[in-house]
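All remarks here apply to the structure that follows.
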Amino acid sequence: MDYASIASKIIEQVGGKDNIRSVQHCATRLRFQLKNPDLRNEDAISDIDVVKGTFMTNSQFQIILGSGLVNLVCDEVQKQIGAVADSAPDEAEESKGSPVQRFIKMFSDIFVPIIPAIVAGGLLMGINNVLTAAMFEGGQSIIDMFPQFRDLATMINIFANAPFTFLPVLIGFSATKRFGGNPYLGAAMGMIMVHPDLLNAYSLGTGVEVPTWNLFGLTIDAVGYQGTVLPVLAVSWILANIEKRLHKVTPTWLDNLTTPLLSIMISAFITFLFVGPIMRGAGNLLADGITWLYNTLGPIGGGLFGLSYAPITLTGMHHSFIPIETQLLASIAVTGGSFIFITASMNNVAQGAAVLTVLFKTKDVKLKSICSAAGVSALLGITEPAMFGVTLKLRYPFYAAMIGSAVGSAWCALFHILAQALGAAGIPGFISVLPQDWPMFAIGLLLSMAVSALVTLFFWKKIETENDAAKTKKSEAPAPQQETEAFTMTLNCPLKGTVRNITAAADPAFASEGMGKGICIDPKDNVIYAPCDAKVAFTFPSGHALGLISPQGVEIMIHCGIDTVNMNGNGFETLVKEGDNVAAGTQLMRFDPAKIKAAGYSDQTMMIITNSAQYQIEVKESTDADITQPALTIRKDTNV
């Protein structure tokens, strides 16, 4: 496979290397931060053979490639653009989006890089459970029957516990980096929190006497923070902010000596005096509260969580479960384990079953190709190719998977099946569950898969009809025309306001005419109208832009605002849909200038001709244009 060629095509279709702010990857997806997301061509990217799907979320453009392949392609993309994948977050970029979106992205940025270490520890813990569980006649375990494996089990147990025991070191590094501090200071702070001279956090509540320090008459508990999440998150934020402020006020010649010293010293004192004990208590309350809620609601709660898990995954909010799940496992003596992993397993196999059902029913060769890999991948714990490549596009399989996930999750909640460790959520999830719970866990998986497959089959005729209609619509969509006949046409101003040449636009991407020639408008109204008779070629889910194609083949894009794609549709209303034929003067979209300005963006609106290289274009500027007033004259000569 030519990874260089794949990377080159992707770079070209996201707007070129100059449009890429940064690129990273998770288990299955390339994650781009683009300077101008409107320059991406999702259709062209989706046509690349290895691409399973694309979507825009939380200001990130994500391309689904699948596990393994994504690492190789991302490395090649970074090589070609010279990007640094692990750069600190851009402050202007981080200020975009709603508070909830920023909160979720923060957790994603902190925990996604350390997931491999947590998963490795979880899987090793699962292997240890298999070796030590009393699952044979007479209550014997594997190590009882084969004593030669006892030391192996002891070693594996040490390997498994290390990532959780030293979790503050991992989180300290990742979180401090995310908050703009020195990650190595964050790791050092994590080491302080799990120092062997402190009482191990797992010994609390076992009757062991808690050692203390006496600091000027103030008694401080000398207790570690093994396996904790909230304390180290809070301390990392404090450390990063102390360090940044010290850098600003410390003379350059002293900075390298005093800033690290004072950052660690101040943060450490604050940790053991106030922040650590408070956040430890908060973490315990969180784990206790979630466990109580789950146990109280039982199968009803399990079913509702299973039903909503896939939609939650679409929003990216599932990343906020990582610290909660880690806390549940860190407090396993009280909580019994994690129900989140169990629900994720039910969801994943339900998605896989829906996709495999489509595989066996569809006659679409390309869809079969996607389904074969995506279905198996989902059963093994990676659902993005299945969800974004198949079930979401066909709709009904997605609903079927939600129902299957709900049934399986309700079953597992009824029998209180809990995970003892993290791992691959799906069929491999057995290794994270106690052996005595395997039968009920297996029934839950089978229920999820069977219900998902049966509901998909029930709706198959609708799925097939809608998919055929979508393919027909795509094949009938007007392709960019290379006109040979001469013509002259005018485009009216789509919006009341001051009209200037696109070169005066406040957005350099438009002002450079790299996207095409046209006009920019400083609005005096909030309604955008069709500038000519045309067909709606595309709309954006965010409602901030749309495309038209005239009978002569002129391709028109109207873009409301600068960087307003980050508003995710808030303040925009699209009044037409793709494929509509509209007459000049038809209302196309509305926007709320107050919301745009409150979000910190400009409402300057652009109308450009994306295939303007084929035409001679004349701009008619005006300080008070009306929608009946010509703004562009477009001429096509036979020799152009």
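The values are calculated or read from the model by the stated rules, or taken from the named source; none is laboratory data. Model, not experiment: these values are computed from the prediction. Methodologically, a virtual Cβ is constructed for each residue, glycine included, from the backbone with ideal geometry; neighbour enumeration extends over all protein chains shown.
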| message | Restricting to the range 604-640, name every residue that is assigned to a loop (DSSP other than H, G, I, E, B) and in contact with a Ser or Thr (Cβ under 8 Å, 6 or more places away or on another chain). | response | LYS620, GLN629, THR638
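Return the only residue of ALA162, ALA175, ALA134, ALA188 being surrounded by fewer than 19 Cβ atoms within 10 Å (Cβ to Cβ), touching a residue at least 40 places away in the same chain (Cβ under 8 Å) and assigned by TED's automatic domain parsing to the domain that holds ILE270.
Residue meeting the stated conditions: ALA162.
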| Single residue of PRO311, PRO323, PRO260 found to be more than 30 Å from GLY181 (Cβ to Cβ) and touching a residue at least 60 places away in the same chain (Cβ under 8 Å) | PRO311
| query | Residues in the range 388-411: is at least one under 30 Å from ALA162 (Cβ atoms), modelled with pLDDT of 85 or more, among the β-branched types (Val, Ile, Thr) and not assigned by TED's automatic domain parsing to the domain that holds VAL51? | reply | no
| said: Please list, ordered by residue number, the strands (runs of 3 or more DSSP E) wholly in the range 496-550 having 3 or more residues that are within 31 Å of the chain's Cα centre (by Cα). | reply: 534-539, 545-549
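Conditions (1) among the small types (Gly, Ala, Ser); (2) over 14 Å from MET449 (Cβ atoms), marked per residue:
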position	(1), (2)
VAL349	no, no
GLY352	yes, no
LEU356	no, no
LEU359	no, no
VAL376	no, no
MET387	no, yes
LEU394	no, yes
PHE398	no, yes
| said: Looking at the range 292-318 only, could you name the residues that are farther than 15 Å from TRP411 by Cα and either within 25 Å of the chain's Cα centre (by Cα) or at pLDDT 85 or above (or both)? | reply: SER308, TYR309, ALA310, PRO311, ILE312, THR313, LEU314, THR315, GLY316, MET317, HIS318
| request: Would you point out which residue out of ALA406, ALA421, ALA373 is over 26 Å from ILE156 (Cα atoms) and crowded, with 24+ Cβ neighbours inside 10 Å? | output: ALA406
| task | Kindly indicate whether any position in the range 37-51 is at pLDDT below 85, touching a Cys at 6+ places or on another chain (Cβ under 9 Å), within 20 Å of PRO385 (Cα to Cα) and crowded, with 18+ Cβ neighbours inside 10 Å. | result | no
| task | Would you check if there is a residue in the range 4-15 being assigned by TED's automatic domain parsing to the domain that holds VAL70, under 20 Å from the mean Cα position of the chain (by Cα), in a strand (DSSP E or B) and not aromatic (Phe, Trp, Tyr)? | result | no
| message | Checking ASP580 against (1) modelled with pLDDT of 90 or more; (2) within 18 Å of PRO551 (Cβ to Cβ); (3) of a type in the set (Asp, Glu), only one condition comes out false. Which one? | response | (1)
| task | Identify all residues within the range 524-536 that are surrounded by fewer than 20 Cβ atoms within 10 Å (Cβ to Cβ) and touching a residue at least 40 places away in the same chain (Cβ under 8 Å); write none if there are none. | result | LYS524, ASN526, VAL527, ASP533, LYS535
| request: Tell me, please, whether a residue that is surrounded by fewer than 18 Cβ atoms within 10 Å (Cβ to Cβ), within 27 Å of ILE332 (Cβ to Cβ) and at pLDDT 90 or above can be found in the range 255-265. | output: no
| request: Identify, from the list GLY283, GLY224, the residue that is crowded, with 21+ Cβ neighbours inside 10 Å and out of contact with any His (no Cβ under 8 Å at 6 or more places or on another chain). | output: GLY283
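For the condition without any contact (Cβ under 8 Å) to a residue 12 or more places away in the chain and within 30 Å of PHE111 (Cα to Cα), what is the one hit in TRP438, TRP411?
TRP438
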| task | Return the residue satisfying two criteria in turn: it lies in the range 553-581 and is assigned to a strand (DSSP E or B) and touching a Cys at 6+ places or on another chain (Cβ under 9 Å), and of such residues it is nearest to ALA613 (Cα to Cα). | result | ILE556
| request: Within the range 425-453, count every residue that is under 29 Å from the mean Cα position of the chain (by Cα), hydrophobic (A, V, I, L, M, F, W, C) and closer than 16 Å to ASN128 by Cα. | output: 3
| Number of the condition not met by SER331 [criteria: (1) farther than 18 Å from TYR202 by Cα; (2) modelled with pLDDT under 75] | (1)
| task | Report the residue count in the range 602-635 for those that are within 29 Å of VAL565 (Cβ to Cβ), β-branched (Val, Ile, Thr) and exposed (fewer than 14 other Cβ atoms within 10 Å of the Cβ). | result | 1
| Does the range 316-330 contain any residue that is touching a helix residue (DSSP H, G or I) at 6+ places or on another chain (Cβ under 7 Å), within 22 Å of VAL112 (Cα to Cα), assigned to a helix (DSSP H, G or I) and of a type in the set (Phe, Trp, Tyr)? | yes
| Taking only pairs six or more apart or across chains, which ones have beta-carbon atoms under 7 Å, a first residue in the range 51-62 that is within 24 Å of LEU367 (Cβ to Cβ) and in the same structural domain as LYS9 (by TED's automatic domain parsing), and a second residue that is among the small types (Gly, Ala, Ser) and at pLDDT below 80? | LYS52/GLY66; LYS52/GLY389; GLY53/GLY389; THR57/GLY316
| Single match in LYS368, LYS393 (criterion: in a helix (DSSP H, G or I) and in contact with a Leu (Cβ under 8 Å, 6 or more places away or on another chain)) | LYS368
